[in-house]
C-alpha cells in the first residue's frame, strides 16, 4: 500500500492538535485530549487488525472501544499532557504507516468484518477490505478530526 495520503493526513492533524489555545467544544463534544486519545485508540486497533491479517488470523474491527469515555480517559491519564499525547500519536502513526507500506495487494484486499459507529450513529456493519479501513483514516477519519480539533481553537476554556 502507498501511505502518502495517510502520512499527509497525520501531519495536518498533528499540526492542528499542536496549535495553542485549544479549548472545549462549543457543543459539549470532545476536547483536544479526547480527540487525540481517540485517534491513538483507532490507530492501535487498525494496526492490530492489519497485523492479524498478516498473521493469517481473521480479525474484526469494531471501533466502539475507541469511542468509550472510560477508555479515552485511561489513555489520557497515561500521558503527561497534550505534548506527550501528540508525540505518542506521531510515533504510533509512523509505525502504522510503515506497517501499511509493507502490506501486499493480496493482504490489503482481505475482507475484515467491520463495525463502525460515530456517536450513536451506525456507519458501517459489513466486511471491508483492509485497504479500505486504512485508506478511510486518510480520506475521512483524520480530516474529520482535524476539522474538529481546529474548531476548538475558537472556543476558550472557561
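Numbers at a glance
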{"read-out": "Förster radius 25 Å - calculated FRET efficiency between residue 8 and residue 84, Cβ distance, rounded to 0.05", "value": "0.60"}
{"read-out": "Using alpha-carbon coordinates, inclination of helix 82-101 to the longest axis of the chain, degrees", "value": "20"}
{"read-out": "Residues 117, 1, sorted so that the one with the fewest Cβ neighbours within 10 Å comes first", "value": "117, 1"}
{"read-out": "For the stretch 89-158: rounded, prolate or oblate by the Cα gyration tensor [a/c cutoff 1.5]", "value": "oblate"}
{"read-out": "Ellipticity estimate at 222 nm from DSSP helix runs (n ≥ 4, -39,500 (n - 2.57)) divided over the chain, nearest 500", "value": "-18000 deg cm²/dmol"}
{"read-out": "Rounded Å value of the spacing that divides the Cα centres of the stretch 1-52 and the stretch 93-158", "value": "9"}
{"read-out": "Relative contact order (percent, whole number), the chain, Cα cutoff 8 Å, 6+ residue spacing", "value": "42"}
{"read-out": "Structure-derived Cα extents along the principal axes in Å - corresponding label in (1) 46, 45, 24; (2) 42, 40, 36; (3) 50, 30, 26", "value": "(3)"}
{"read-out": "Nearest 10 degrees, 0 to 90: helix 32-55 Cα axis against the chain principal axis", "value": "10"}
{"read-out": "Cα-based shape type of the stretch 34-81, given that a ≥ b ≥ c are square roots of the gyration tensor eigenvalues and the cut on a/c is 1.5", "value": "prolate"}
{"read-out": "Rounded tilt (10° steps) of 142-151 against the dominant C-alpha axis of the chain", "value": "0"}
{"read-out": "Highest-MSF residue in the chain out of 69, 118, 41 [GNM, Cα springs under 10 Å]", "value": "118"}
{"read-out": "Backbone N under 18 Å from the residue 62 label point (7 Å along Cα→Cβ), restricted to the stretch 98-124", "value": "112-124"}
{"read-out": "For the chain, share of DSSP beta bridges that run antiparallel, in % to the nearest 5", "value": "80"}
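Quick note: the coordinates plus some simple rules give every number you see, no bench work behind them. Just so we're clear, the structure is a prediction, and the values are computed from it rather than from any experiment. Don't worry about glycine lacking a Cβ; one is built from the backbone with ideal geometry, like all the others, and counts go over all protein chains shown.
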